[in-house]
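Undergrad: Sending over a structure as structure tokens; questions will come in a sec.
The values are calculated or read from the model by the stated rules, or taken from the named source; none is laboratory data. Just so it is clear, the structure is predicted and the values come from calculations on it, not from any experiment. Here the Cβ positions follow ideal geometry from the backbone for every residue, glycine too, while neighbour counts run over all protein chains shown.
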Amino acid sequence: MKMKIDTTSLGHYLVAEMKANDFFYTEPGSIISSTGEIDISSEMQGGLMGGAMRMIGGGESLFINKITAKVDCTVELGTTVPSEMMAIDLDGSLLLGDGAYVAHTGDIKIGAKWGGFESFSVGSGLMFLYAKGKGMLYIAGFESMFTKELKANEIFYLDNSCFVGVTEGVSIEKFLAGRNLLTKVVGGEGIMLKITGPGKVFYSTQSLNGLASSLVKYLPKG
């Protein structure tokens, strides 16, 4: 099956060009449209325990949908917020933040992995979403996506709310930006991540939490 990234003036979405009997896996609720008949079945990758770990620990759905084309067709996938998609030719493992997973093909398993308080700081409960195997993995970040490659012991500082994912083996530490609590409150600074290589960091340019906070002041009071 061939999948490609397509961009429109309204944002980014994923287009899957499929032949009959081709299939891929995706997060529930991601399908926008299809030009032909498709079959949608729900699976719990990793069994009940793996699905429960994704849902409780990683904040994701219990199920992952398998999309199978009954005829040659084009399927469009999207996200719930304006996002940029990124295709990763995965051969190994990747730790992901909340809402980063979109779809995958090939021999990839989506589960959850213990991340302690570092994963909690990036909105992932006490676990990271965990993608492992070989195939094409499609992820998304709010607004625009970037990749930073770190050498051994190279340090990169990132706002926790812009975190999308890292290759396994990258070290993540969290800390409060600003010298004291007053600086944090007045300056609007929050939790930052200290990320140490070697490995790759995937991050977005905008924070969904920041957008939500900006919109609150425009909501009707009372």
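Undergrad: Does segment 156-166 contain any residue that is surrounded by 13 or more Cβ atoms within 10 Å (Cβ to Cβ) and in a loop (DSSP other than H, G, I, E, B)?
TA: Kept after step one, since they are surrounded by 13 or more Cβ atoms within 10 Å (Cβ to Cβ), are these residues of segment 156-166: 156, 158-166.
If we keep only those that are in a loop (DSSP other than H, G, I, E, B) too, we end up with none.
Within segment 156-166, not a single residue is surrounded by 13 or more Cβ atoms within 10 Å (Cβ to Cβ) and in a loop (DSSP other than H, G, I, E, B).
Undergrad: Please verify whether segment 106-114 includes one or more residues that are at pLDDT 85 or above, of a type in the set (Asp, Glu) and within 27 Å of LYS66 (Cβ to Cβ). Outline the logic, then answer.
TA: So in segment 106-114, the residues at pLDDT 85 or above come out as 106-110.
Retained after the next criterion (residues that are of a type in the set (Asp, Glu)): 107.
Now drop any that are not within 27 Å of LYS66 (Cβ to Cβ), which leaves 107.
Yes, segment 106-114 has at least one match.
Undergrad: Looking at segment 63-110, what strands (runs of 3 or more DSSP E) fall wholly within it and have at least 3 residues that are surrounded by fewer than 15 Cβ atoms within 10 Å (Cβ to Cβ)? Explain how you work it out, then say what you get.
TA: Values: elements: 64-69, 73-77, 83-96, 101-104.
It comes to 83-96.
Undergrad: Residues being among the aliphatic types (A, V, I, L, M) and modelled with pLDDT under 90: count how many of those fall in segment 115-136. First the steps, then the outcome.
TA: As a first pass, look at segment 115-136 and keep what is among the aliphatic types (A, V, I, L, M): 122, 126-127, 129, 131, 136.
So of that shortlist, the ones also modelled with pLDDT under 90 come out as 122, 126-127, 129.
Here the count works out to 4.
Undergrad: Still on this structure, please answer the following. Out of curiosity, is ILE139 at pLDDT 90 or above, closer than 22 Å to LYS109 by Cα, surrounded by 15 or more Cβ atoms within 10 Å (Cβ to Cβ) and of a type in the set (A, V, I, L, M)? Show your work before the answer.
TA: Details: at pLDDT 90 or above: yes; closer than 22 Å to LYS109 by Cα: yes; surrounded by 15 or more Cβ atoms within 10 Å (Cβ to Cβ): yes; of a type in the set (A, V, I, L, M): yes.
Yes: the conditions hold for ILE139.
Undergrad: Mind checking which residues of segment 145-178 are small (Gly, Ala, Ser), in contact (Cβ under 8 Å) with a residue 40 or more places away in the chain and closer than 24 Å to ALA87 by Cβ? Show your work before the answer.
TA: In the first step, residues of segment 145-178 are kept if they are small (Gly, Ala, Ser); the result is 152, 161, 165, 169, 171, 177-178.
Then drop every residue that is not in contact (Cβ under 8 Å) with a residue 40 or more places away in the chain, which leaves 152, 161, 165.
Within segment 145-178, SER161, GLY165 meet the criteria.
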